[in-house]
Amino acid sequence: MRFGMVVTPTESLGTDDAQLYREVVADASLGQQLGFESAWFIEHHFTDYYPVPSPLVFMSHIAAKCPGMGLGTCVAVTPWYSPIRLAEEISMLSNLTSGDLHIGMGRGTASLEYDAMGIDMGQSREMYAECWEIVQRFLSGERFAMDGQFTKIGREVALRPRPQSQRINFYGALGSPPSAGIMAEQKMAPLCASGFPMELLAKMLRIWEDKIGDAKAALPRTRPVMVNCFLADTDKEARELSRTYTPIYYRQQVEHYEIETTDWSKIRGYEGFAKTFESFVRMCDPANLDPWMDLQMIGSADTVAARIEQYQAAGFNKILVHCATPGIPREVRHDTLNRFARDVAPRFAVQPELVPA
């Protein structure tokens, strides 16, 4: 089992954006000192919910601040990009950092973001597929033109700068069993989040494994899952931390995704999201968090290590430790990261470089 970390702009509510971004640098710097092998960035636009409109810009900055650290996206929302520019910027980044790049891709879920950008959310699946095709072709070194549904490449061109392809890894976000099959068809490695029951996560990985076939050999071996984390001396103390900060996380999601006002049944390709989001409003109440906390890494070091073993048994081999949800101050985030490196990571021998702070 290997360990990365999620880095996002967070601090006590009301902190200005420049300081929020400095907090990301502080978290990544500490994480590298502690031995976390990669820092992963979330993309969102227009609201207080993770205001990172360009993960790749942030990754370039962290590449200079933390040389050699792996960098990832969880995820880059590809329908919002020019596929040509996305391929160029990934290639640039691969030449600006010596660490591995882990490019998670998804199609996004917020109608606010789609509407503001003037993009038809109902075409997100097709836009995602076309973007992935173009990015693959460019990064392979191919010279080509294209008359796509959404992207026109008017004459044959090849990508410059030439990418450091051996260090670029791509992943597709899995949000349901059907998406696992789609990502296998598109020959993308899976990237998951911990908001689903363990048996459903394991099922998604099995579907992906069953459908990927011989293409698996050419894909990254990493099977990452993003898991929220609060560590303390006791389970009770850690769960109280979650009851304090997790409702802020869900309130911002309810607002950002307009969960209470969006009719998902009318958005092609998102018809099932009403069921996915139906619990988010309830999660704003600390009294309703226990089932969710049972899926996360929340508790003492023993409890967190046991949860990691469950994820390992489900088929994952990399945990993205997420202790930077909205409103969590630095002292709480850094205490969790230090405890994880000192008390949890050494139990998984593949990570001897993780040492106490």
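The values are calculated or read from the model by the stated rules, or taken from the named source; none is laboratory data. As the structure is a computational prediction, the values presented were derived from the model and not from experiment. All Cβ positions, glycine included, derive from the backbone under ideal geometry; neighbour counts span all protein chains shown. The area values use the complete protein model at the heavy-atom level, side chains included, leaving out ligands, DNA and RNA. Shrake-Rupley method; radii C 1.70, N 1.55, O 1.52, S 1.80 Å.
As for segment 77-93, it holds no residue that is over 27 Å from residue 152 (Cα atoms), without any contact (Cβ under 8 Å) to a residue 60 or more places away in the chain and under 14 Å from the mean Cα position of the chain (by Cα). Which condition number in (1) under 23 Å from residue 136 (Cβ atoms); (2) outside any loop (DSSP other than H, G, I, E, B) is the one that residue 187 fails? In the conditions (1) under 23 Å from residue 136 (Cβ atoms); (2) outside any loop (DSSP other than H, G, I, E, B), residue 187 misses (2) alone. Can you name every residue in segment 145-156 that is surrounded by 14 or more Cβ atoms within 10 Å (Cβ to Cβ) and of a type in the set (A, V, I, L, M, F, W, C)? Scanning segment 145-156 gives 146, 150, 153. If I filter segment 175-195 for residues that are surrounded by fewer than 20 Cβ atoms within 10 Å (Cβ to Cβ) and farther than 26 Å from residue 109 by Cα, do I get at least one hit? Scanning segment 175-195 turns up no residue that is surrounded by fewer than 20 Cβ atoms within 10 Å (Cβ to Cβ) and farther than 26 Å from residue 109 by Cα. Among the residues of segment 250-301, those that are modelled with pLDDT under 95 and among the polar types (S, T, N, Q) comprise 261, 262, 265, 276, 279.
Pairs linking a residue in segment 282-302 that is open to solvent by 40 Å² or more (accessible area, probe 1.4 Å) to a residue that is polar (S, T, N, Q), with Cβ atoms under 6 Å and 6 or more positions apart or on different chains, are 282/288.
Note on segment 47-58: residues that are touching a Pro at 6+ places or on another chain (Cβ under 8 Å) and open to solvent by 40 Å² or more (accessible area, probe 1.4 Å) amount to 1. If you filter segment 270-281 down to residues that are of a type outside the set (Val, Ile, Thr) and surrounded by 15 or more Cβ atoms within 10 Å (Cβ to Cβ), you find that the one that is farthest from residue 197 (Cα to Cα) is 270.
Note on segment 12-61: residues that are farther than 15 Å from residue 321 by Cα, among the aliphatic types (A, V, I, L, M), in contact (Cβ under 8 Å) with a residue 60 or more places away in the chain and in a helix (DSSP H, G or I) total 1. The one condition from (1) over 28 Å from residue 292 (Cβ atoms); (2) touching a Cys at 6+ places or on another chain (Cβ under 9 Å) that residue 228 does not meet is (1). Can you spot a residue in segment 107-118 that is within 26 Å of residue 338 (Cα to Cα), open to solvent by less than 10 Å² (accessible area, probe 1.4 Å) and touching a residue at least 12 places away in the same chain (Cβ under 8 Å)? No; the residues of segment 107-118 include none that is within 26 Å of residue 338 (Cα to Cα), open to solvent by less than 10 Å² (accessible area, probe 1.4 Å) and touching a residue at least 12 places away in the same chain (Cβ under 8 Å).
Checked against (1) surrounded by fewer than 17 Cβ atoms within 10 Å (Cβ to Cβ); (2) assigned to a helix (DSSP H, G or I); (3) touching a residue at least 12 places away in the same chain (Cβ under 8 Å); (4) not hydrophobic (A, V, I, L, M, F, W, C), residue 166 passes all but a single condition, namely (3). The residue that is nearest to residue 246 (Cα to Cα), among those in segment 12-36 that are buried (at least 21 other Cβ atoms within 10 Å of the Cβ) and touching a Gly at 6+ places or on another chain (Cβ under 9 Å), is 31.
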